[in-house]
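Take a look at the structure set out below.
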Amino acid sequence: METITAVHRNHFGDIISFVTSGGRVISYRKALYEAENGHIQGVQTTLDTDGNMALMPEPDQSFDQYPNLF
């Protein structure tokens, strides 16, 4: 099972894609789908304040701790 190893943010600071332990670069939407289906470990899906699905790292972690893709 893969894990998230890095993130790619847009110029607003929003995460737009992830790098997996398998070396794949996947979109945020693809990462949501794979996390929901149990293909990526270390993250969980949740509803944000606007009611949209969002990815959250495991407790006591933050995506700010992940290196940037570029």
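The values are calculated or read from the model by the stated rules, or taken from the named source; none is laboratory data. Given the structure is predicted, the values throughout are model-derived calculations rather than measurements. When we count neighbours, we look across all protein chains shown, and the Cβ atoms used for this are built from the backbone with ideal geometry, even at glycine. Keep in mind that these areas ignore ligands, DNA and RNA; they rest on the heavy atoms of the full protein, side chains included. Shrake-Rupley method; radii C 1.70, N 1.55, O 1.52, S 1.80 Å.
What dipole magnitude, in Debye to the nearest 20, does the chain give about its Cα centre under +1 on Lys/Arg Cβ and -1 on Asp/Glu Cβ?
Dipole about the Cα centre, nearest 20: 300 debye.
For segment 3-20, take each phi angle, set θ = phi - 60°, evaluate the Karplus expression 6.51 cos²θ - 1.76 cosθ + 1.60, and give the result in whole Hz per residue in order, putting x for glycine and proline.
Whole-Hz 3J(HN,Hα) from phi for segment 3-20: 10, 7, 10, 7, 10, 10, 10, 7, 5, 8, x, 7, 6, 10, 7, 10, 10, 9.
What FRET efficiency comes out for residue 36 versus residue 60 if R0 is 22 angstrom and r is the Cβ-Cβ distance? Round to the nearest 0.05.
0.50
Before I look further, what does segment 2-56 give for accessible area per residue, probe 1.4 Å, in whole square angstrom?
Value returned for segment 2-56: 60 Å² of accessible area per residue.
Tabulate in residue order the Karplus-calculated ³J(HN,Hα) for segment 50-59, using 6.51 cos²θ - 1.76 cosθ + 1.60 with θ = phi - 60°, rounded to whole Hz; enter x for Gly and Pro.
8, x, 8, 5, 9, 9, 10, x, 4, x
How many percent of the accessible area of the chain is carbon or sulfur, using a 1.4 Å probe?
Percent of accessible area from carbon and sulfur atoms in the chain: 50.
Normalising by the residue count of the chain, find the relative contact order in percent from Cα pairs under 8 Å and 6+ residues apart.
It rounds to 31 percent for the chain.
Consider just the alpha-carbon atoms of the chain and return their Rg together with their Dmax, both in angstrom.
11.3, 32
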